[in-house]
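Data first, discussion second: the structure below is written as structure tokens.
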Amino acid sequence: MNTLREHDTSVQSTILEKMNEHEQIVFCNDPHTGLQAIIAIHNTTLGPALGGCRMYPYSSIDEALEDVIRLSKGMTYKCAAADVNFGGGKAVIIGDPLKDKTPSLFRSFGQFVDSLNGRFYTGTDMGTSTQDFVYASRETNCIVGIPESYGGGGDSSIPTSLGVIYGLKATNQEMYGSDELSGKTYIVQGLGKVGFKVAVQLLEAGADLFVSDINSASITKIQERAKKLGRNVTVVSGDEVYSTEADIFVPCALGGIINDRTIEQLKVKAVVGSANNQLLSEKHGEMLKQKGILYAPDYIVNAGGLIQAADELYGYNKERVLTKTKSIYISLLEVYKQANLDNITTAQAANRLCEKRLEDEKRLNSFFSHTKRPKWNIGK
Ligand code: NAD
């Protein structure tokens, strides 16, 4: 279609170009509370958009826009992979989380979310806390990830760590024909909310661990826990995590840790962890494949928290969340199978599976387009 955009160099036109396949971008400005935020809705084929809200002191509106566009697209894939009836969205608040937070700022943000009439659900992400969203939830029902005392699911790192454990089991099944966790060695990078729980479950299962964290208190904590369980952990520092020989590298801290420099050093057979955006770029998935290292796509493995957030919107049920999180095992084996069959990277195979789910859903939607199907049938 020949649109005005071809000859138009206005700000609006630039934004429309950046949106590309996104459905909607909402700019929120409230001079009274100081709120400046952007909400991006990437794709609602599977259901209303769902995604966390980041608060970060972006140096420009452009930088914030780029971030929210990239992150919201990622959520479409993550929701498709987790098999929840939600689409991809994300929000960013421009500001310093250490200085600029006020209850009114989050209430104002809640009002903007509410104005979308159920097209977007949100909760905590980098720089925001559950308390911030307790304020936002006074203005809208479209909030997830609030404390149990407010009817939420509570600590999302519990299902997330369980998902990592099922990802590790599936990977052992793929590599060794048995999903036993014991008798193998794992390197856990980052002993925070998720990594610590993963490390404890691995120790309990009888595995041998190398651990690394920049926070010495976390190291002491895991050493004490290991001692109680009658087991040992070996502490590795800094870059040693990448060159240590083990069965599986379990990144639970930073993104971008699979890159030119680290792939060269890796002496593991697989990478399976919770950290978001582990591959610095797509080519690093290919490089891992070339090196014979099996990569478990991060958004499949770390979906437990998302499964819990989505479940809150159906009326939270802990058993249901844990059961659905266990299906990460099956999803991951399917990704490995497709990657082998098509001789592609596991990251490409995961993306294809998600795109297929979106296509299937589109067909279903158009098949019965004359009726409105409720989107709240979790697990069916
Ligand atoms: P966290 O902040 O609680 O823990 C991160 C840990 O990593 C901290 O203990 C920190 O000291 C450590 N760390 C930071 N830099 C490090 C380094 N260079 N080397 C070693 N350790 C380092 O975060 P979390 O909630 O446990 O999340 C961990 C990762 O999993 C993040 O990438 C997060 O985005 C991702 N994730 C978390 C969830 C969840 O439910 N919490 C869900 C999906 C994805």
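The values are calculated or read from the model by the stated rules, or taken from the named source; none is laboratory data. Because the structure is a prediction, the values reported are computed rather than measured. Positions of Cβ are generated from backbone atoms using ideal geometry, with glycine treated the same way; all protein chains shown enter the neighbour counts. Ligands, DNA and RNA are excluded from the accessible area calculation, which covers all protein heavy atoms including side chains. Shrake-Rupley method; radii C 1.70, N 1.55, O 1.52, S 1.80 Å.
Just a few scattered comments:
- Qualifying positions in the stretch 256-277 - over 20 Å from the mean Cα position of the chain (by Cα), away from the ligand (no atom under 15 Å from the Cβ) and in contact (Cβ under 8 Å) with a residue 24 or more places away in the chain: Asp260, Ile263, Leu266, Lys267, Val268, Lys269
- Flag if Leu306 is open to solvent by 10 Å² or more (accessible area, probe 1.4 Å) and farther than 23 Å from Asp155 by Cβ: no
- Strands (runs of 3 or more DSSP E) within the stretch 1-95 that include 3 or more residues surrounded by fewer than 20 Cβ atoms within 10 Å (Cβ to Cβ): 24-30
- Spans of strands (runs of 3 or more DSSP E) in the stretch 208-255 with at least 1 residues at pLDDT below 95 and more than 9 Å from the ligand (Cβ to nearest atom): 208-212
- Counted residues, the stretch 335-361 - those being under 13 Å from Ala82 (Cα atoms) and open to solvent by 40 Å² or more (accessible area, probe 1.4 Å): 4
- Taken over the stretch 284-343, the criterion of being at pLDDT below 95, over 25 Å from Leu71 (Cα atoms) and among the charged types (D, E, K, R) is satisfied by Lys318, Glu319, Arg320.
- Residue in the stretch 230-247 that is closer than 20 Å to Ala170 by Cα and out of contact with any Pro (no Cβ under 6 Å at 6 or more places or on another chain) present: yes
- Subset tally (residues that are out of contact with any Pro (no Cβ under 9 Å at 6 or more places or on another chain) and part of a loop (DSSP other than H, G, I, E, B)) for the stretch 256-271: 5
- Selection count where residues are on the phi < 0 side of the Ramachandran plot, more than 13 Å from the ligand (Cβ to nearest atom) and not aliphatic (A, V, I, L, M), scope the stretch 278-312: 12
- Residue, farthest from the ligand (Cβ to nearest atom), within the stretch 104-133, restricted to residues that are surrounded by fewer than 24 Cβ atoms within 10 Å (Cβ to Cβ) and modelled with pLDDT under 95: Gln131
- Residue-level analysis places Ala217 outside the set of residues that are open to solvent by less than 30 Å² (accessible area, probe 1.4 Å) and either closer than 16 Å to Gln308 by Cα or of a type in the set (Gly, Ala, Ser) (or both).
- Only residues that are within 14 Å of the ligand (Cβ to nearest atom) and among the charged types (D, E, K, R) were counted across the stretch 152-174, and they come to 1.
- Of everything in the stretch 185-207 that is open to solvent by 30 Å² or more (accessible area, probe 1.4 Å), modelled with pLDDT of 95 or more and not in a strand (DSSP E or B), the residue that is nearest to the ligand (Cβ to nearest atom) is Lys197.
- Lone unmet requirement of (1) farther than 20 Å from Ser156 by Cβ; (2) crowded, with 22+ Cβ neighbours inside 10 Å for Thr234: (2)
One line per residue, one yes/no per condition, for (1) assigned to a loop (DSSP other than H, G, I, E, B); (2) touching a residue at least 60 places away in the same chain (Cβ under 8 Å); (3) in contact with a helix residue (DSSP H, G or I) (Cβ under 6 Å, 6 or more places away or on another chain):
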site	(1), (2), (3)
Asp100	yes, yes, no
Leu105	no, yes, no
Glu139	yes, no, yes
Gly145	yes, yes, yes
Asp155	yes, no, no
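- Inspection of the stretch 200-221 identifies no residue that is in contact with a helix residue (DSSP H, G or I) (Cβ under 6 Å, 6 or more places away or on another chain), within 22 Å of Thr325 (Cα to Cα) and in contact (Cβ under 8 Å) with a residue 60 or more places away in the chain.
- Within the stretch 244-280, tally of residues that are surrounded by 22 or more Cβ atoms within 10 Å (Cβ to Cβ) and among the basic types (Lys, Arg): 0
- Among (1) within 23 Å of Thr124 (Cβ to Cβ); (2) within 16 Å of the ligand (Cβ to nearest atom) - the single one Ser149 does not satisfy: (2)
- Any hit, the stretch 313-325, residues being within 16 Å of the chain's Cα centre (by Cα), buried (at least 16 other Cβ atoms within 10 Å of the Cβ) and more than 13 Å from the ligand (Cβ to nearest atom): yes
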